[in-house]
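Take a look at the structure set out below.
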Ligand code: ADP
């Protein structure tokens with residue numbers, strides 16, 4: 001069952017085609033990876049999927065849990081966010097001076113977007129308790145529960161990535177898009193980040209679309225891989241298949 005289907009997506013900057021007819025299918029419940037050398041169009045693709053850019057051609061479909069296709073082509077990013085496609089940096093940045101728990105609670109509050117009166121009219125104490133319980137469940141899933149009262153600035157690089165992931169879960173994400181989740185993260189912590197992505201994928205049935213440069217680490221934790229070069233998909237398949245694809249080898253090694 002699919003969660004996202006990109007069909008023949010084109011994005012031009014002037015006359016330059018940063019995306020030149022990209023077809024990508026993301027399976028619900030899986031972890032899909034997009035790789036490609038610098039400038040191959042990965043970030044542009046994510047920007048088109050999340051509504052930062054409107055595509056100049058092609059189609060983007062999101063499939064609900066019930067399998068209903070929703071055309072999200074060219075929708076503004078807040079609309080796409082509402083469907084459940086959440087890119088980690090769509091959520092306001094981590095607040096360094098707030099605690100880990102507070103960083104989750106502000107995501108939930110920001111989402112509600114209602115005036116003061118309806119909020120006052122409800123049983124807010126019970127609601128706050130429920131939010132805190134939900135936040136703790138999520139912090140457990142990302143292995144940050146024991147750091148709940150720590151200010152975010154004391155976290156390691158890897159823990160900061162996990163906090164971003166927790167915030168995406170708090171926002172109610174169905175499909176989480178991670179843009180280089182282990183950039184600048186030391187190797188041992190990088191494995192922790194990917195292990196946690198895997199755990200969450202399985203325990204919370206959340207789908208992931210990940211862009212990553214460090215394929216030596218990422219390949220061990222993903223189900224399916226797309227390789228891009230010059231705005232096109234040049235290979236797709238299981239990690240082993242893509243790793244041994246001659247076109248992929250050429251792009252990474254043979255230049
Ligand atoms: P990747 O994420 O794979 O490194 P990008 O999607 O960032 O690649 O970029 C793909 C190509 O599009 C690059 O040649 C880049 O210079 C170009 N590009 C990206 N964004 C813009 C922009 N806003 N204006 C003009 N060219 C851009």
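Here the label points at residue 5 and residue 145, each 7 Å from Cα along the C-beta direction, are separated by 4.0 nm in the simple model.
Put a dot 7 Å past the Cα of residue 183, heading toward its Cβ, do the same for residue 30, and the two dots end up 2.6 nm apart. For region 189-255, the gyration tensor built on C-alpha atoms gives a prolate shape. Its axis ratio a/c (a ≥ b ≥ c) is at least 1.5, and a/b is the larger of a/b and b/c. Taking every DSSP bridge with both residues inside the chain, close to 60 percent are antiparallel.
Order of 58-71, 159-172, 206-219 by packing, highest average Cβ count within 10 Å first?
Working: 58-71: 13.8, 159-172: 22.2, 206-219: 19.8.
My ranking of the peptides, most packed first, is 159-172, 206-219, 58-71.
So between residue 97 and residue 134, what do we pick up on full extension, going 0.36 nm a residue minus the alpha carbon distance?
Details: separation 37, 0.36 × 37 = 13.32 nm, distance 2.16 nm.
Between residue 97 and residue 134, full extension yields an extra 11.2 nm.
For residue 203 and residue 240, the difference between the fully extended length at 0.36 nm per residue and the C-alpha to C-alpha distance is 10.8 nm.
Please find the FRET efficiency linking residue 249 to residue 83, where r is the Cβ-Cβ separation and R0 is fixed at 41 Å, and quote it to the nearest 0.05. Taking R0 as 41 Å, the efficiency between residue 249 and residue 83 is 0.65.
Could you rank the peptides 187-194, 241-248 by their average count of other C-beta atoms within 10 Å per residue, with the highest value first? Working shown, then result.
On the way: 187-194: 18.1, 241-248: 15.9.
Top to bottom by mean Cβ count within 10 Å: 187-194, 241-248.
Our compactness index for the chain, the C-alpha radius of gyration over the empirical 2.2 N^0.38 Å, is 1.04.
Only the coordinates and a few stated rules stand behind these numbers; no lab work does. Not measured: the values here are computed from a predicted model. Please note: Cβ atoms are built from the backbone with ideal geometry, for glycine as well, and neighbour counts cover all protein chains shown.
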